[in-house]
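Some notes on the structure that comes next.
The values are calculated or read from the model by the stated rules, or taken from the named source; none is laboratory data. From a predicted model like this one, the values you see are computed outputs, not experimental measurements. Positions of Cβ are generated from backbone atoms using ideal geometry, with glycine treated the same way; all protein chains shown enter the neighbour counts. With ligands, DNA and RNA removed, areas are computed over all heavy atoms of the protein, side chains included. Shrake-Rupley method; radii C 1.70, N 1.55, O 1.52, S 1.80 Å.
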Amino acid sequence: MAIPQLTITPDTVELSPGGEVVLRHQTWSSYEALLAQRSDKAAIKIRFDADAQEIRLMAPLPNHGKRSAALADFVKAMLRYQNLDWEEYDPITLKRFAKAGVEPDRCFYIANRKAILGKDRIDLSVDPPPDLALEVDWTSFTSAKDYQSIGVPELWIYRSQSFHMYVFDGYGYKVSESSSIFPKLPVSQLIPEYVELAWNKGSSVALRQFEKTLSQL
């Protein structure tokens, strides 16, 4: 088993592809320092949990990126199907000061889209959180609790050909079988099938078939 190689210098943060490292007994200032050292171009996700006093660093593999891109394509197809406008962010760092920091694989502003138009960065002290966040767990594990302080209304986690939807009720995340954004669509059935089809048959093939399926509903 390969051991993840983590390198932190005053100028950069590097982690071997597919690696995940947890730093314990960490502070918010340590988290902010790592974000600054990583820079916006580094392909490393950094997550902070104040309750656990942990910083988690993850370096996704290509198969993670392909599945997250396919999942985002299907979300956009469903938004078009419902004639909804959106703004997509990737990458993005969502932070609640001294509480939590997460970096979803993709996120979408839909109902709150107009509130963030023209903004280069999102500040959750004044801006609403995204309406939908997507996570693909391939080399790491995401818990709905990671988003507790962020308060994204709907969270989707795709993991090992299984799909999990969570809805935030103002206090915590509850497992849901239906989407509040796409209430009339069988999201739980469609997503696992077509994400894997994108991996096995190709993204464009899967997207065309997905759009055809929507047109027949």
Volume per residue, Å³, of the convex hull around the alpha-carbon atoms of the stretch 62-101?
-> 91
DSSP H helices in the chain with Cα extent of 30 Å or more along the helix axis and mean Kyte-Doolittle hydropathy at least -0.5?
-> none
Calculated on alpha-carbon atoms, Rg and Dmax of the chain in Å | 17.4, 55
Cleavage-rule hits (GluC sites (Glu not before Pro)) in the stretch 97-191: DSSP loop, at most 12 neighbouring Cβ within 10 angstrom = GLU177
Please report, as a whole percent, how much of the solvent-accessible surface of the chain comes from carbon and sulfur atoms (probe radius 1.4 Å).
-> 51
Once both label points are put 7 Å beyond Cα along the C-beta direction, the TYR81-GLU20 separation in nm becomes 3.0
Over 23 Å between C-alpha atoms is what I'm after, so list which of LYS114/LYS212; LYS76/LYS201; LYS66/LYS184; LYS76/LYS119; LYS45/LYS119; LYS76/LYS212 land there.
-> LYS114/LYS212; LYS66/LYS184
Potential extension, LEU117-ASP169 segment - 0.36 nm per residue separation minus Cα distance = 16.2 nm
Accessible surface, per residue, of the stretch 43-161 when the full set of protein chains is kept, probe 1.4 Å, Å² | 42
Rounded to the nearest 500, what is the 222 nm mean residue ellipticity of the chain from helices alone, with -39500 (n - 2.57) per DSSP H run of 4+ residues and division by all residues?
-> -9000 deg cm²/dmol
Where labels lie 7 Å past Cα in the beta-carbon direction, separation of GLU211 and GLU196 in nm = 2.5
